[in-house]
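A short write-up of the structure that comes next.
The values are calculated or read from the model by the stated rules, or taken from the named source; none is laboratory data. This structure is a prediction, so every number in the text was calculated from the model and none was measured. When we count neighbours, we look across all protein chains shown, and the Cβ atoms used for this are built from the backbone with ideal geometry, even at glycine. Side chains are part of the model used for accessible areas, which takes the heavy atoms of the whole protein and leaves out ligands, DNA and RNA. Shrake-Rupley method; radii C 1.70, N 1.55, O 1.52, S 1.80 Å.
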Amino acid sequence: MRVCLASVLVVGLASPVAAFDSLEELGEALFFDVNLSKNRTQSCATCHDPENGFVDPRETDVGRAVSLGDDGISLGDRTAPTAAYAKFTPDFEQLDKKAWRGGMFWDGRAAGLAGQAGGPPLNPIEMGMPDEASVVARLAENNDYVASFKALFGDAIWDDDAAAYDAMTQAIAAFESTDLFSPFDSKYDRFLRGEVKLTDEEELGRVLFFSEQFTNCNLCHQLRPSPIAKDETFTNYEYHNIGTPVNETVRAANGVKGPDLGLLANPDIDTADAGGRYKVPTLRNVAVTGPYMHNGVFKDLRTVVLFYNKYNTLDKDRQINPETGKPWAMPEIPQNLAVTELIHGPALDDKRIDALVAFMKTLTDARYEHLLEDQAN
């Protein structure tokens, strides 16, 4: 929940004293402010709940696959990615003709945390505000904001709606850059510091995860050169099409037609090679931030491992999705599949699949470890 901050004005002074002494404190207040949505029902924290791995914990008609909008009706088409560890995301860039990296959202269309923060308030199926001026007008209703914006950005900040809106996004970005979002205090981190030991199953999963001989995990989910780097975010931030199927339940509810083009939906990208690619997500807190994939099509983390494994096995039973009891559905976009990465490594047996899941659970921040216990009960 929101951490309470001092929010008082000194009476009797010609100018109010800033209620928030730092950009981070101002950003925290903004992050939790429901008044920045059209119907005053949603804040950033609604879809990026600090008590739930910075994802949306709300149940809807489609479970937790996508988020409900401020209007109480609209459903998104992509799941809200975690805001945890997002500050490490590099700027968007094209690495070569068929490779991209970085940027915010699933398709990299926003630059940095501030760019991402500016999107949801103006999205008609999210927070639903009509324009920046309307958001700034809501900000101006709050005397604490008025004083703090002047103190932090200068007296003229309220003279320009675009500048005030940008200041808001900068403040939210500053809050999202604090250690609250990126504590590096999971069991895995404590293991690296020599504070705890991994179980035999977790250690097997760790070895498998970082081994190019036995799995393909680290091809996309390892950023640093060393497998024991203390600031590993477990994503290389690149874009791949792994053959994720359509979430038919979501589509039936939100009425969206046609394929999700992934990276090709980024307005700055116009090459067909980008179709169906999505940014590799961090695995930090992955065990408590399901459902999975860009559209929430898989509910269980073990199912995700089995989905990857289907590319490397000839076992007919492994070609069945355990959540549906039917064969794995076809990719939404069958072109541009990351074949090299997907078929790298041998098929996995149950022991190794379970070990990988056990290892990924160790990537859960300390504050969320009780959520793992809740899942087990």
Longest exposed-site-free window of the chain, the sites being GluC sites (Glu not before Pro) in a DSSP loop that have at most 15 other C-beta atoms within 10 Å: 213-322
Could you pull out every residue, at least 5 positions away or on a different chain, whose amide H is within less than 5 Å of the one on residue 110? Hs are placed 1.01 Å off N in the peptide plane, and Pro or chain starts have none. 104
Relative contact order, percent, of the chain when contacts are C-alpha pairs under 8 Å separated by at least 6 residues? 19
What is the percent carbon and sulfur in the accessible area of the chain, measuring with a 1.4 Å probe over the protein chains and ignoring ligands? 53
Matching label for the computed Rg/Rh (Cα atoms, Kirkwood Rh), out of (i) 1.07; (ii) 0.96; (iii) 0.99, is (iii)
Three-way shape label, region 9-103, alpha-carbon gyration tensor, a/c 1.5: oblate
Taking region 211-287, which trypsin sites (Lys or Arg not before Pro) meet the DSSP loop condition and have no more than 13 other C-beta atoms within 10 Å? 230, 257
Flagged as over-length at 29 Å C-alpha distance, from 187/326; 187/299; 87/351; 279/310, the pairs are 187/326; 87/351
Which value in deg cm²/dmol, rounded to the nearest 500, describes the helix-derived mean residue ellipticity at 222 nm for the chain, given -39,500 (n - 2.57) per DSSP H run of n ≥ 4 and division by the residue count? -8500 deg cm²/dmol
In terms of modelled amide H atoms, which long-range or inter-chain residues lie less than 5 Å from the amide H of residue 276? 262, 263, 264
Relative to the longest principal Cα axis of the chain, at what angle does helix 350-361 sit, 0 to 90 degrees, rounded to 10? 20
Find the accessible area per residue for the chain; the probe is 1.4 Å, ligands and nucleic acids are left out, and the unit is Å². 46
Backbone HN-Hα couplings from phi across region 294-310 [Karplus 6.51/-1.76/1.60, Hz, Gly and Pro as x]: 5, 10, x, 6, 10, 8, 10, 5, 5, 4, 4, 4, 5, 4, 4, 5, 4
Given the protein chains as shown and a 1.4 Å probe, how many square angstrom of residue 146 are accessible, to the nearest 10? 40
